[in-house]
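Following: one structure in structure tokens, then a few remarks.
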2 protein chains.
Amino acid sequence: MKARATIRDVAKKSNVSLMTVSRVVNQKGNISKATAAKVLKAIRELNYRPNITARSLAAKKSDFIAIIVPDISNPFFSEMMKGAEDFARENGYNIFLGDTEGKVELEKEYIDAAINRMADGIVLVAPRLENNLICEINDNIPLVIVDRSINKNDIPQVYIDNLKGAMSAVEHLINLNHKNIAFLSGPKDVQDSLQREKGYIMALKKHNIPVNPKLMLIGDFSFEGGRDAFEKFFSNYPKPTAIFASNDIMAFGLIQRAHEMNVKVPKDVSIVGFDDILLSSLINPPLTTIRHPMLKMGIKAVELLVNKLNNKLDTKISFILENTLIVRKSTRRIE
Amino acid sequence: MKARATIRDVAKKSNVSLMTVSRVVNQKGNISKATAAKVLKAIRELNYRPNITARSLAAKKSDFIAIIVPDISNPFFSEMMKGAEDFARENGYNIFLGDTEGKVELEKEYIDAAINRMADGIVLVAPRLENNLICEINDNIPLVIVDRSINKNDIPQVYIDNLKGAMSAVEHLINLNHKNIAFLSGPKDVQDSLQREKGYIMALKKHNIPVNPKLMLIGDFSFEGGRDAFEKFFSNYPKPTAIFASNDIMAFGLIQRAHEMNVKVPKDVSIVGFDDILLSSLINPPLTTIRHPMLKMGIKAVELLVNKLNNKLDTKISFILENTLIVRKSTRRIE
DNA sequence: TATGATTATGATACCGCTAACAGTCAATAG
DNA sequence: CTATTGACTGTTAGCGGTATCATAATCATA
């Protein structure tokens, strides 16, 4: 491993002071062309690279932000991440990643790491962290929260309209004449799930369809969870003619188990998902689902954070991103 | 934003020296129970958090490693990432993420960022970076390269056996009596692609099937690329009875376009993919493909790096991970 | 021409922490 | 009873940068 040149080495080699080198490197302040050239030459010859850790310490800013998500291998989050990462880089920030596996304990660990490493800010996707903890974090480090809303008007937040999304999914089924519409919820301790359930119930009520608890199951957002749920739904009376799943992955599970149990989708049962992840259009049948702009969510989140860091925050700091119903082949009209 | 307590504040409050606090925090050296308790109390009361940036600078190690991948929204890499991230955390490291979008320019940018931020090491997935550059990086920072092999025996590397994988995919088709087997390659400037093509050719030769350039197309690993390729294959004479795609995503594209053009899979054409990403089993028809252990690859890569950092590297530093043929419904025997 | 403003550079004091060495004191050994 | 050891704590000098203030030289302005 080669030894690394420091700013002092460069200063010595080019016969100027530390500060002159620093100014050249950061293009700050005034330096004559001549000295700049001299310094630049020394930098090249020594292969000098500024030590950003040292800079962070001295300048009290690190130019990186932490993004903490429940699961990067979930297309939903990796897509969001991509948007975030991109926007961050374009604005001179690097990204520190935390994958919490949905565990509160890991969420805390990563938040601590971010603070201790002097992250300039955090973009946090932590569906089950308690509200008061979030406020506490917000006192320690600039924060943007994603995919959940919190009733605190000084914390920037970006989230999707789960309620409206769920309603339009269910109303789509109702419009196709379905009455026995089952609902496969996500875990009850995350806000998304609750909102989607609320949307389901509101849609039914709006159209005077009774809410039947037997048609409601709680899943865990996993593929396996979807499979299990399908089996339960179809071993129960009354069998639903349609199922609305709280996310696409569970919908995939439903569909796969349906195939195996020889129940045809959409002939025997219509299925609607939520998220429109990349592959929802590719499965058989292509999934009717709710699309929300994941990339945009990532971009918006970092944008808010960067603005906050530059004290350029608008008065509007809460963004609800609109979702759209994508009708494909997993739903059909019944008589 | 609250002001942050420093180690000095703690020292003052508990009437000990800086070093004593440092020792308590890091559990290094000997401290009496009494002073430890005193210091711990002060730490709690001041809500002190060690500044890891400062620590990194002083201790010349940062306890984080950079992982640089072409595309985290690609399940292949996000899965790998997950393994890496997990293993890293368990060993006291955090992860810095770089998504290069497959661009050499961004690869360089992230490598620089990693070095400048004093990353302890880099796990690099950079299929098209030139070999000599990789060696150069290896002189500056501990490096593990993933998903490509390089003929340099001091750089730890983990990769999959693309050649064998491709061969077994093609031989599977040959065993099903196919002769007109098309090949959809990845970009020609990445090693994976080259190896898979080599495997395709070797399998054909081994079974005395002539290699027909008309049946070979170059794709870009994208879904769209798969769609386009299918169209080309089927507007060309001779039409293949089977297609081996260099990755699953392209295979999905092939299948989708096939559906649209009313060509039945596997009745009219058999399709084999490569990667076995999560959703390959869920599409219609479920995809026959080559599975490689992505999670394991991430774990192994970080394991090698951590060992290297602790000077515990075995003599064996090159790992080829075995892949397996997963036979599903997208391939069938012909007469 | 005297004055203030601007440009170009340097000296110094940190940022918050750790490594390395230097004590102090009590216990144990010779 | 002195020497040695080990447990415990402190002092000092950085790590590699930047902020801040100071200084000298140059320039424009009244």
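The values are calculated or read from the model by the stated rules, or taken from the named source; none is laboratory data. Quick caveat, the model's predicted, so the values are computed rather than measured. We place every Cβ from the backbone using ideal geometry, glycine too, and count neighbours over all the protein chains shown. For the accessible areas, the whole protein counts, side chains as well, though only heavy atoms, and no ligand, DNA or RNA atoms are used. Shrake-Rupley method; radii C 1.70, N 1.55, O 1.52, S 1.80 Å.
How far is B:LEU18 from itself in the other copies, in nm, if each label sits 7 Å out from Cα along the Cα-Cβ line, shortest first?
The projected label point of B:LEU18 is separated from its counterparts by 1.5 nm.
Would you calculate a helix-derived [θ] at 222 nm for the protein assembly as shown, using -39,500 (n - 2.57) for each DSSP H run of n ≥ 4 and dividing by the full residue count, to the nearest 500?
-14000 deg cm²/dmol
Using r as the Cβ-Cβ distance of A:LYS232 and A:VAL104, and R0 as 25 Å, what FRET efficiency do you calculate, to the nearest 0.05?
For R0 = 25 Å, the calculated efficiency reads 0.35.
Rounding to the nearest 20 debye, state how big the charge dipole of the protein assembly as shown is about its Cα centre with +1 on each Lys and Arg Cβ and -1 on each Asp and Glu Cβ.
So the dipole magnitude of the protein assembly as shown works out to roughly 1420 debye.
For A:VAL190, B:VAL25, write out the residues from largest to smallest accessible area, computed with a 1.4 angstrom probe and no ligands counted.
Of A:VAL190, B:VAL25, the descending order of accessible area is B:VAL25, A:VAL190.
In square angstrom and rounded to 100, what buried accessible area do you get between chains B and A, total over both, with the probe at 1.4 Å?
5100
Along Cα-to-Cβ, 7 Å out, sits the label point; list in nm, shortest first, how far the one on A:MET261 is from those in the other copies.
3.8
Rounded, prolate or oblate: which one fits the protein assembly as shown, using the alpha carbon gyration tensor with axes a ≥ b ≥ c (rounded when a/c is under 1.5, else prolate when a/b beats b/c, else oblate)?
Verdict is oblate for the protein assembly as shown.
Extending each Cα 7 Å along its Cβ direction at B:LYS164 and B:ASP9, get the distance between those two points in nm, one decimal.
About 5.7 nm separates the two model spin labels.
Only four residue types carry charge here, +1 at the Cβ of Lys and Arg and -1 at the Cβ of Asp and Glu. Report the dipole size of chain A about the Cα centre in Debye, rounded to the nearest 20.
Roughly 1380 debye, rounded to the nearest 20.
Given the protein assembly as shown, what percent of its DSSP beta bridges are antiparallel, to the nearest 5?
15
In whole angstrom, note down how far apart the Cα centers of region A:99-116 and region B:135-214 are.
39
Just list whichever of A:LYS206/A:LYS239; B:LYS13/B:LYS33; B:LYS38/B:LYS308; B:LYS61/B:LYS316; A:LYS103/B:LYS316 have alpha carbons separated by over 27 Å in the model shown.
B:LYS38/B:LYS308; A:LYS103/B:LYS316
Along Cα→Cβ at 7 Å, what distances in nm separate the A:LYS61 label point from those on the other copies, shortest first?
With the label placed 7 Å along Cα→Cβ, A:LYS61 yields 3.2 nm.
Set the bar at 23 Å for Cα to Cα. Now go through A:LYS82/B:LYS82; A:LYS2/B:LYS296; A:LYS329/B:LYS232 and name every pair that lies beyond it.
Over 23 Å Cα-Cα: A:LYS2/B:LYS296; A:LYS329/B:LYS232.
Work out which residues of region A:273-298 lose at minimum 40 square angstrom of accessible surface when the other protein chains are put back, relative to the chain isolated, with a 1.4 angstrom probe, and list them by number.
Residues losing area: A:LEU279, A:LEU282, A:ASN284.
Around A:ARG291, with a cut-off of 13 angstrom between Cβ atoms, what is the net charge of the other residues, counting Lys and Arg +1 and Asp and Glu -1?
Cβ neighbours under 13 Å give a net charge of -3.
How much of the accessible area of the protein assembly as shown, probe 1.4 Å, is carbon plus sulfur, in whole percent?
Its accessible area is 51 percent carbon and sulfur atoms.
Compute the accessible area per residue over the protein assembly as shown, keeping the other protein chains in place, probe 1.4 Å, unit Å².
44
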